[in-house]
There are 2 protein chains.
Amino acid sequence: MTAAPKASVCVLGTGLIGGSLLRAAVAAGYDAWGFNRSATGAGAARADGFDVTEDLPTVLTRAAAADALLVLAVPMPAVGRLLSAVATFAPHCALTDVVSVKAPVAAAVRKEGLAARYVGGHPMAGTAESGWAATDPELFRDAVWAVGVDEGTRAEPWTTVTRLALDCGAVVVPVVADEHDRAVARISHLPHVLAEALAVAGAAGGDLALGLAAGSFRDGTRVAGTAPDLVRAICEPNSGALLDVLDETLTLLGAARDSLRADNSLAELVEAGHDARQRYETAQRWEITDIHPGDHNWLAKLRDAGQRGGVITRLN
Amino acid sequence: MTAAPKASVCVLGTGLIGGSLLRAAVAAGYDAWGFNRSATGAGAARADGFDVTEDLPTVLTRAAAADALLVLAVPMPAVGRLLSAVATFAPHCALTDVVSVKAPVAAAVRKEGLAARYVGGHPMAGTAESGWAATDPELFRDAVWAVGVDEGTRAEPWTTVTRLALDCGAVVVPVVADEHDRAVARISHLPHVLAEALAVAGAAGGDLALGLAAGSFRDGTRVAGTAPDLVRAICEPNSGALLDVLDETLTLLGAARDSLRADNSLAELVEAGHDARQRYETAQRWEITDIHPGDHNWLAKLRDAGQRGGVITRLN
């Protein structure tokens with residue numbers, strides 16, 4: 001928990017991520033309220049004691065009056081409509097988002113003329129569940145939260161967003177939009193695609209194959225349990241980066257297939273995969289302590305630190 | 001637990017699976033002992049109070065005298081050498097195995113003239129760990145244990161093997177060797193291959209990508225943590241079936257790539273994958289109760305029941 005005065009927070013979209021963020025912010029002492037497009041979703045949050053309505057103009061007018069931090073917490077396809085309302089009712093609020101891609105959100109923000117106080121965000125947390133019923137104030141505990149350090153980012157909203165992420169229990173990785181999108185194609189969107197393909201291959205073996213399936217299949221297909229619309233909303237807006245890494249993976253798997261056919265050997269793939277998993281398991285986060293928002297060259301320094309595995313765990 | 005008198009059990013290989021089997025058999029009241037090729041491995045088991053030595057002729061001579069059930073618990077590449085010793089020292093013992101493929105083991109058994117009392121087996125359990133230190137007498141609790149019902153299988157050793165699997169806490173799926181090998185290519189060997197490829201793709205994104213990785217990457221690459229030699233020993237002996245399903249998966253992923261490129265859509269893959277995972281999650285095991293070993297046509301009936309999701313949970 002950080003000691004500085006807390007911003008008000010207005011969460012737009014109270015599904016798994018937005019709803020959990022609302023819960024976490026309230027638990028951390030923020031004055032926080034929200035909007036949900038569906039009356040059912042808003043009602044479920046209200047029934048749990050949270051201040052959520054389906055009246056977007058009222059929610060945004062209140063945010064403008066309180067100079068609240070706005071958090072866009074809807075899938076990419078719904079971002080444009082929400083930003084248009086923000087531009088109408090609360091154009092001067094600090095603005096962040098928790099959407100799974102960053103460059104397309106930044107482009108939509110620019111299109112609405114809202115770039116000045118925007119800072120991209122993406123908490124790397126989630127489950128195969130969705131909706132208010134799945135929300136959890138502890139969802140972000142010890143999770144990584146990507147926070148944008150793109151050129152032109154201003155220190156004040158950046159600090160507000162970073163503070164909120166830390167107050168929700170996360171550590172912050174500073175990253176620019178394009179690099180974020182290429183990274184998550186590898187470690188979030190490709191896992192979804194491979195899980196779907198593995199599930200299909202398993203089920204094609206019928207009741208016998210599914211009946212014999214154990215841990216490797218269960219874990220390897222877990223995220224295929226995510227609602228199809230949500231998976232598409234996560235992956236498709238990042239199609240450029242995803243296509244690149246999908247091509248790379250098809251080449252790798254094709255080479256493994258050829259080696260298995262020609263030499264009955266999976267050596268190259270298996271050794272490289274084991275090395276890679278070891279690198280993941282032994283990766284050490286280190287704490288970024290000496291870069292302060294607003295300092296000379298702070299954005300470039302934070303970007304470089306994030307690339308090298310640095311995380312922010314507190315603000316002074 | 002079943003009430004009939006228990007066979008003696010001689011476990012050949014006391015790594016993760018064999019060692020856990022030895023522990024589970026002793027816990028279930030079997031007179032059980034074992035062999036390990038490495039003096040270190042045998043010593044570790046002895047230090048935990050188990051009767052394990054690295055002297056194969058002595059172990060097998062004892063098994064022959066006790067008419068013990070022999071359990072081959074080594075990776076496929078070590079099976080031939082072990083079977084040759086069995087043919088020399090204990091050719092009349094009932095024989096099973098816990099190897100990850102069934103047709104190649106059956107072929108090696110036939111080659112040594114040991115088919116008469118052989119019944120294939122494969123407990124669908126394991127972790128990314130290996131060796132005696134990772135053994136656990138509860139490893140097979142509620143796991144599925146494939147037991148062979150190939151043509152020519154005799155009722156007496158089949159009953160002994162099935163009883164042991166049940167006494168270790170597993171449920172038994174009756175299956176013939178070829179169908180087993182095709183099924184595990186889908187739900188065990190393909191998951192290994194995809195996990196290796198995913199790990200490589202993630203690590204290629206450097207510290208930033210690995211630092212952002214969360215649950216989907218962690219679960220999707222878990223089995224890439226398995227020792228490379230063991231993964232190869234599991235997958236490569238099943239290359240025929242694995243190549244088929246790998247080709248199928250490359251076709252599926254290639255189509256998804258093309259659809260993402262042409263139409264920015266992953267709809268087909270994602271919907272099929274979600275349906276498949278739902279089918280896996282909701283698959284119902286049903287209990288095979290009315291087929292008795294030795295009855296007319298019992299092998300064909302059990303094979304058919306296994307194909308339809310039936311499991312054996314007790315023997316009468």
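Observations on the structure shown:
- Taking (1) closer than 23 Å to residue B:230 by Cβ; (2) among the charged types (D, E, K, R); (3) in a helix (DSSP H, G or I) in turn, residue B:37 satisfies each apart from (3).
- Some residue of the range A:224-236 being assigned to a helix (DSSP H, G or I) and farther than 20 Å from residue B:272 by Cβ: no
- Pick from the range A:169-180, criterion touching a Lys or Arg at 6+ places or on another chain (Cβ under 8 Å) and crowded, with 24+ Cβ neighbours inside 10 Å, ranking: nearest to residue A:27 (Cα to Cα): A:170
- Listed by first and then second residue, the pairs with beta-carbon distance under 8 Å, at least 6 apart or on different chains, first residue in the range B:208-220 and within 7 Å of another protein chain (Cβ to nearest Cβ), second among the acidic types (Asp, Glu) and assigned to a helix (DSSP H, G or I), are B:208/A:179; B:219/A:219; B:220/A:219.
- If you go through the range A:143-168 and pick out every residue that is surrounded by fewer than 24 Cβ atoms within 10 Å (Cβ to Cβ) and within 14 Å of chain B (Cβ to nearest Cβ), you end up with 2.
- Residues of the range B:60-69 include at least one that is polar (S, T, N, Q), surrounded by fewer than 18 Cβ atoms within 10 Å (Cβ to Cβ) and in a helix (DSSP H, G or I).
- Counting the residues of the range B:109-122 that are buried (at least 19 other Cβ atoms within 10 Å of the Cβ) and among the aliphatic types (A, V, I, L, M) gives 3.
- Any hit, the range A:227-248, residues being more than 30 Å from residue A:80 (Cβ to Cβ) and either out of contact with any strand residue (DSSP E or B) (no Cβ under 8 Å at 6 or more places or on another chain) or among the charged types (D, E, K, R) (or both): yes
- Selection count, the range B:2-36, where residues are more than 21 Å from residue B:125 (Cα to Cα) and modelled with pLDDT under 95: 6
- Among the residues of the range A:261-278, those that are within 26 Å of residue B:277 (Cβ to Cβ) and either assigned to a helix (DSSP H, G or I) or not aliphatic (A, V, I, L, M) (or both) comprise A:269, A:270, A:273, A:276, A:277.
- When the range A:282-316 is filtered for residues that are out of contact with any helix residue (DSSP H, G or I) (no Cβ under 7 Å at 6 or more places or on another chain) and of a type in the set (D, E, K, R), the ones remaining, listed by number, are A:287, A:290, A:295, A:301, A:303, A:304.
- Some residue of the range B:45-57 being within 28 Å of residue B:189 (Cα to Cα) and not charged (D, E, K, R): no
- Residues within the range A:246-268 that are farther than 26 Å from residue B:266 by Cα and at the interface with chain B (Cβ under 9 Å from one of its Cβ atoms), tallied: 6
- Top-ranked residue of the range B:273-293 - restricted to ones that are facing chain A (nearest Cβ under 7 Å) and in contact (Cβ under 8 Å) with a residue 12 or more places away in the chain, ranked as surrounded by the most Cβ atoms within 10 Å (Cβ to Cβ): B:285
- All positions within the range B:17-35 that are farther than 15 Å from residue B:141 by Cα and surrounded by fewer than 24 Cβ atoms within 10 Å (Cβ to Cβ): B:29, B:30, B:31, B:33
- Hits in the range B:169-207 (condition: at the interface with chain A (Cβ under 7 Å from one of its Cβ atoms) and under 28 Å from residue B:22 (Cβ atoms)): B:173, B:175, B:183, B:184, B:187, B:188, B:191, B:192
- The listed residues are A:197, A:146, A:133, and the only one of them that is touching a Pro at 6+ places or on another chain (Cβ under 9 Å) and among the aliphatic types (A, V, I, L, M) turns out to be A:146.
- Consider the range A:294-316 and keep the residues that are part of a loop (DSSP other than H, G, I, E, B) and among the polar types (S, T, N, Q). The one that is surrounded by the most Cβ atoms within 10 Å (Cβ to Cβ) is A:313.
- Leading residue by the ranking (farthest from residue B:173 (Cα to Cα)) among those in the range A:221-235 that are touching a residue at least 24 places away in the same chain (Cβ under 8 Å) and within 7 Å of chain B (Cβ to nearest Cβ): A:235
- Only residues that are in contact with a strand residue (DSSP E or B) (Cβ under 6 Å, 6 or more places away or on another chain) and either over 11 Å from residue A:12 (Cα atoms) or surrounded by 21 or more Cβ atoms within 10 Å (Cβ to Cβ) (or both) were counted across the range A:47-59, and they come to 3.
- Verdict on residue A:240 being assigned to a helix (DSSP H, G or I), at the interface with chain B (Cβ under 7 Å from one of its Cβ atoms) and not polar (S, T, N, Q): no
The values are calculated or read from the model by the stated rules, or taken from the named source; none is laboratory data. Here the structure is a predicted model, which is why all the values come from computation and not from measurement. Neighbour counts run over all protein chains shown; Cβ positions are idealised from the backbone, glycine included.
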